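The values are calculated or read from the model by the stated rules, or taken from the named source; none is laboratory data. Note that the structure is a prediction, hence the values are computed from the model and not measured. Glycine gets a Cβ as well: all are built from the backbone with ideal geometry, and neighbour counts include every protein chain shown. What goes into the accessible areas is simple: the full protein's heavy atoms, side chains included, and nothing from ligands, DNA or RNA. Shrake-Rupley method; radii C 1.70, N 1.55, O 1.52, S 1.80 Å.
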Amino acid sequence: MTVDLTLIVLMAAFFAAGIYLLLERSLTRVLLGLILLGNGANILMLAMSGGGGKSPLYVAGTPAEDYADSLPQALILTAIVITFAVTAFMLGIIYRSWVLGREDDVQDDPEDRRVADQDSYDWEDDADVVAETSEFFDDEDPAPRSGATAHGATPGDGARGGVDDPAATTRRPEDHR
């Protein structure tokens, strides 16, 4: 099996240009980047599918290795349809963005900017926990009790709030007032 170097270079150029265009702020350039990535993936599948061969139709007396593999052709056709669907979806988004804002560029969200400028250390979430405060641990035994529920009942004892309690599963929200 020989791989055509031209297809590999073309595929690499499509991937590079597609990734570059995806990083732009203009939705039209993002769309062009998606199209280039789709075409690069199609060329990759074509290049890796092997050399040409006879049509994959049965002809008596032809050995199996002389036929072309039809699976890469089916995968490429599927990829073309998916790329077309994504292109149509992105065109709809671009059109709606143009109708609403008369511009194609994606703007920074002020809330995203504020979150990005914050310190990454969160005092509430990142502070060291001095002692375990969970109600599922005993003072003597640090291992959790197997089968314990939030009410302290085990799942088969029939206590109010247990898993096997039919009243616990049939209560409605208005019963808890």
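For segment 16-31, a residue qualifies if it is closer than 21 Å to Arg96 by Cα, in contact (Cβ under 8 Å) with a residue 12 or more places away in the chain and in a helix (DSSP H, G or I), and the qualifying residues are Leu21, Leu22, Leu27, Thr28, Val30, Leu31.
Would you check which residues across segment 1-14 are assigned to a helix (DSSP H, G or I), in contact with a helix residue (DSSP H, G or I) (Cβ under 8 Å, 6 or more places away or on another chain) and open to solvent by 60 Å² or more (accessible area, probe 1.4 Å) and list them? Result: Leu10, single match.
Being open to solvent by less than 90 Å² (accessible area, probe 1.4 Å), out of contact with any strand residue (DSSP E or B) (no Cβ under 6 Å at 6 or more places or on another chain), more than 30 Å from Arg25 (Cβ to Cβ) and at pLDDT 85 or above holds for only one residue in Ala88, Ala74, Ala148, Ala127, and it is Ala74. Of the residues making up segment 47-59, one or more are farther than 27 Å from Tyr95 by Cβ, among the hydrophobic types (A, V, I, L, M, F, W, C) and free of Cβ contacts under 8 Å to residues at least 40 places away in the same chain. The criterion of being modelled with pLDDT of 80 or more, over 24 Å from Leu23 (Cα atoms) and either assigned to a loop (DSSP other than H, G, I, E, B) or basic (Lys, Arg) (or both) does not hold for Thr133.
Let's see how each residue does on (1) closer than 29 Å to Gln107 by Cα; (2) of a type in the set (Ser, Thr, Tyr); (3) buried (at least 17 other Cβ atoms within 10 Å of the Cβ):
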site	(1), (2), (3)
Tyr20	yes, yes, no
Ser26	yes, yes, no
Asn39	yes, no, yes
Asn42	no, no, yes
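Scanning segment 93-112 for residues that are assigned to a helix (DSSP H, G or I) and loosely packed, with under 10 Cβ neighbours inside 10 Å gives Val99, Leu100, Pro110, Glu111, Asp112.
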